[in-house]
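The values are calculated or read from the model by the stated rules, or taken from the named source; none is laboratory data. Just so you know, these numbers come straight off a predicted model, no measurement behind them. Heads up, the Cβs are rebuilt from the backbone with ideal geometry, glycines too, and the neighbour counts pull from every protein chain shown.
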Amino acid sequence: MRQPRLSSVVERRLLVNYRVAPDTAARLLPPPLRPQLVHDHAVAGICLLRLGGVRPAWAPEAFGLRSENAAHRIAVEWDGPDGVETGVYIPRRDTASRLNVLAGGRIFPGQHGHAGFEVHETPGQIRVAFATGDGDTRVDVTVEPSDELRGSELFADLAEASRFFEDGAKGYSDTRSGRHLDGMELHTDAWHVEAGRVRSAASSFFDNPYRFPPGTATLDCALIMRDVPAHWRALPAMAVT
């Protein structure tokens, strides 16, 4: 079935990023994906995303839906027909929207689990917490806007971090069959991110010592995106080799 191109507004997007030991990240990836390295580190993180006005591209904005969503991500690369390509692998997607749970992996790419979200936003601070219905994943993150990116060992400054994530707009995730990966790509002509300062961050995904042994995943930095119009299009499925 042909999957529709979707329009939306990224009302708020937090990217909370970790630097990860490459061999640890590699164990979490299905082939043909491999970690994309930055200064000898793999890059992983949590995307906490509120979308508004989500609708088929042909539909009026008044018909759009709004939802809180989350994705755990690992930056990856793979060999494409024209050379090395980059994007992210998403081992887990979660959403507050029952519709997204039903439609994910069917009407549009990417299976979603259901989660309850708690969000508190002020001009000086953003807190997003969620817990999944299956009890597998819990996240609680508080980020403050900052005038510059400080303390990152992955990126020298905000411009370098912004380019890295803008170039990684393709996302792939597992499917029910396990034989291929679903793909979706973000497009926007208004890409803009701000630096963030992490005040606190807890994730049962990254804090799990069996998945990430002590010292293999370290909190690095955060970025904030707000009020950016965006389109999403399905990508050809990628075979798992």
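Quick notes on this one:
- PRO229 meets all of the listed conditions (1) part of a strand (DSSP E or B); (2) within 25 Å of GLY113 (Cβ to Cβ) but one, namely (2).
- Test: residue in the stretch 199-215 that is assigned to a strand (DSSP E or B), closer than 22 Å to ALA25 by Cβ, at pLDDT 95 or above and among the aliphatic types (A, V, I, L, M): yes
- GLY171 at pLDDT 95 or above and within 14 Å of the chain's Cα centre (by Cα): yes
- Wholly within the stretch 1-95, strands (runs of 3 or more DSSP E) carrying at least 3 residues that are surrounded by fewer than 16 Cβ atoms within 10 Å (Cβ to Cβ): 65-80, 83-95
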